[in-house]
Each structure stands twice: as C-alpha cells, then as structure tokens.
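Structure first, then comments.
The values are calculated or read from the model by the stated rules, or taken from the named source; none is laboratory data. The structure presented is a predicted model; accordingly, all values stated were derived computationally and were not measured. Here Cβ is always computed from backbone atoms with ideal geometry, including for glycine, and neighbour counts include all displayed protein chains. Just the protein is used for accessible areas: all its heavy atoms, side chains included, with ligands, DNA and RNA removed. Shrake-Rupley method; radii C 1.70, N 1.55, O 1.52, S 1.80 Å.
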Amino acid sequence: MANPGNSFSQLVETCSSGGGEALPNPLSGHPRYEKVGDLGKGSQGFVLLCSDKFTGERVAIKFLRRGLASSEKIRRELLNMRPFWHAHVIQFYEVFLTDLYVCIVMEYAPGGSLSHYLAKNVLTEDVARFFFQQLIFAVRYCHHMKVANRDIKLENTLLDADRKLLKLCDFGLSKDNNDSMCKTRVGTPNYLAPEIINMRKGGTYDGKACDVWACGVMLYVMLFRSFPFERPEDRGLDPKVAMLSLMERIVKGDWNVPKESNMSAGALDLLGRILEPVAEKRITVEGIINHPWYQIHLPPGADKPNYPKRPEEGLQTVESIVEILMEANNTDEMMMG
Ligand code: ATP
Ligand code: MG
C-alpha cells in the first residue's frame, strides 16, 4: 500500500515543491523516443515526458524496473489498458524493454494531475461536478470493459492542456474479472473502502463498489479541500496510531461536512449515498449518473454510453505483449549481458 501521508496540506506542499531530484533517463541512444522532462514518480516506478522522434508527438513513458516489479502486476496493467479507447481514460500505445526497465508508452496528459490542480485552485461546486461527471464516465467505461481500477485517487486523475478534460490513469492495481470479486487488500489508505479494510482471510469484495467509494472520496476532496476521514488531531500521532484511527473512521463511515460549507443539499445527498459504508447499500455508477445533482449541466446525450471497439490495426497484440513481459523476466540474462 502507498504511504498514508495524504493530508491535504502535505499534498499541497509536495505538489508545490516540484517533487525533488531529477528522474533518470533510461532512453539515451533509443532509436525512437527521447526524454523531454519529468512527469512524476509513483510507488512503483517513474514517468517521463518523451518525444517520438518519428512523429514529433509527445508521449508519457512509465518505467518499471525489470525483475523488481511484479510481472503479474505489469501484465495486468498492460493487458487491462490495451483495449481502452475512451476520452476519459489514458490510452496505451506500446510497451518495450530497455536493459533495466519495462517501458509503457501512453498518451500524454499535459495538464498535470488533479492533485496538482487542487493545490493551486479552489473549485466551485460547479467545477467539482464537472470533473466528477467525467470521472464517473471513465469509471463506467472501465467497468463496462470488466476492469476495476482499484486505485482511483487525485494523483491518478490527469488533465488535458486546457485543464478541462479529465483522464484516468494508472491501472497498476487494476483487476480484470467478470464479476470483479477481489481477494487482495490493495489501494491507497485515504481512499480504501470499508469492505477492503474489513475483509477477512479468504474473503472477497467487489472492486467496482470500491471504485465508487474512491470516487466519493475524490468528490469530497474536490468540494471541501480535505480528506473525509482525516482529522487535524491525527497529525502529531505516531503514524501507526494515526493509520488505525483513519481505518476505524472509514469502517464506521465517520465523515462530516465542514461547518463553513455552503455546498448544495444535492451534492451532500449524493456524497452520503456514495460514502455508504455497507457496500450492498452503496449507490452504483448508474445510480450516480441518474442522481439529480450529477445531471446538472450534463451535455445532452452525454449519459448515453457509446463505446466503439479500439481498432486492432497498429496495436501490439496480446501475444507480443506477453512475449515482451516474458523477456523482461529474464533478468539473469540481462545481468550477464
Ligand atoms: P502509484 O502506484 O503510486 O499510484 P505508479 O508508480 O503506478 O503510481 P503512475 O500513477 O502511473 O505511477 O504515475 C505516476 C505519476 O506520473 C502520476 O501521478 C502523474 O503525475 C504522472 N503521470 C502518469 N501518467 C501520465 C501521463 N500519461 N501523462 C502525464 N502525467 C502522467
Ligand atoms: Mg499512480
């Protein structure tokens, strides 16, 4: 699990400090791609802004260390992302290897992450809804494609150049399963649904309902600029104790609306239906889309899904991706070579 240091004030500091030292450049001498800049560092790897020398196009490339990162996890990330073809989901382009890394080439989102955006901008309720509507469209599409993201959070929600179009990224924890029942406890603490925390050994939970919960956390942060289950008094505590209090509040659904809030009754009603601790009682994606608050200012027809299949032409086949990943695991050869 990623670390819990997610209080919004910390988040603002991290975002505005520019993120520390420069990331490495594993692309020197690469025939096609060259590094242009740094985009971000996650718990699993790092992402660079690169240029495609053939087309001049800007792309984002995620670098995951060969042999160190779980190959099953990378396989899921790649195979789950491969068929996605949707305005609100970052598109996979191709995967290749360097001596040290598995390199995932994907669509570049120039507007940065929603966490960066929130660090510098206070959202009105209308703007929060505008982003939330797009997030829900992305999630509905992923679920339609039988994939639960399981790591929906501000850092994995990117923006286009105008900062109007939202795009979901990072399918590193995604789960492909027809019934989406999951067995492993994964995610980022502030966004974990109660059923993930409560799960007993051998138990399962519905990844889709957990995605809905994480969208509720996102909505709360967009509306109130704080996380729903964090409290100021947790700050000085031992991290383990603070984590335990956080988990206890999540399980109880112990969140409240800040006193000074002037958000509408509709927004609060929807929030209450999403941050419902009992998964079976929680509103579904379709329920959210039909909620009156969600429907406000929704462009006509936007709620009618239209999911054309991604053309296979020019797209790496599943077989060739699997082959590349098998080669990536030949770390012995790699070390000797
Ligand atoms: P974690 O597991 O910590 O969530 P990760 O190691 O799986 O992260 P990503 O979340 O995929 O890595 O990427 C890390 C960061 O890089 C993102 O939070 C974002 O700021 C930036 N980033 C990732 N993909 C793109 C992209 N396509 N365009 C622009 N920036 C990106
Ligand atoms: Mg991430």
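Data for the structure
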| item | result |
| --- | --- |
| Top-ranked residue of segment 26-50 - restricted to ones that are modelled with pLDDT under 95 and more than 9 Å from ligand 1 (Cβ to nearest atom), ranked as nearest to the chain's Cα centre (by Cα) | SER28 |
| Out of ARG235, ARG225, ARG249, ARG231, sole residue that is among the basic types (Lys, Arg) and on the phi > 0 side of the Ramachandran plot | ARG225 |
| Pairs, first under 16 Å from VAL127 (Cβ atoms) in segment 285-301, second β-branched (Val, Ile, Thr), C-beta under 8 Å, six or more apart | TYR294/ILE136; TYR294/ILE288 |
| Wholly within segment 263-304, helices (runs of 4 or more DSSP H) carrying at least 2 residues that are closer than 19 Å to GLN134 by Cβ and open to solvent by 40 Å² or more (accessible area, probe 1.4 Å) | 285-290, 292-295 |
| Scope segment 154-164; condition in contact (Cβ under 8 Å) with a residue 40 or more places away in the chain and more than 12 Å from ligand 1 (Cβ to nearest atom); matching residues | ASP162, ARG163 |
| In segment 166-195, the residues that are touching a strand residue (DSSP E or B) at 6+ places or on another chain (Cβ under 8 Å), of a type in the set (A, V, I, L, M) and within 16 Å of ligand 1 (Cβ to nearest atom) | LEU166, LEU168 |
| Selection within segment 182-213 - away from ligand 2 (no atom under 16 Å from the Cβ) and part of a loop (DSSP other than H, G, I, E, B) | LYS183, THR184, ARG185, ALA193, MET199, ARG200, LYS201, GLY202, GLY203, THR204 |
| Count of segment 34-45 residues which are over 17 Å from ALA161 (Cα atoms) and either open to solvent by 20 Å² or more (accessible area, probe 1.4 Å) or among the basic types (Lys, Arg) (or both) | 6 |
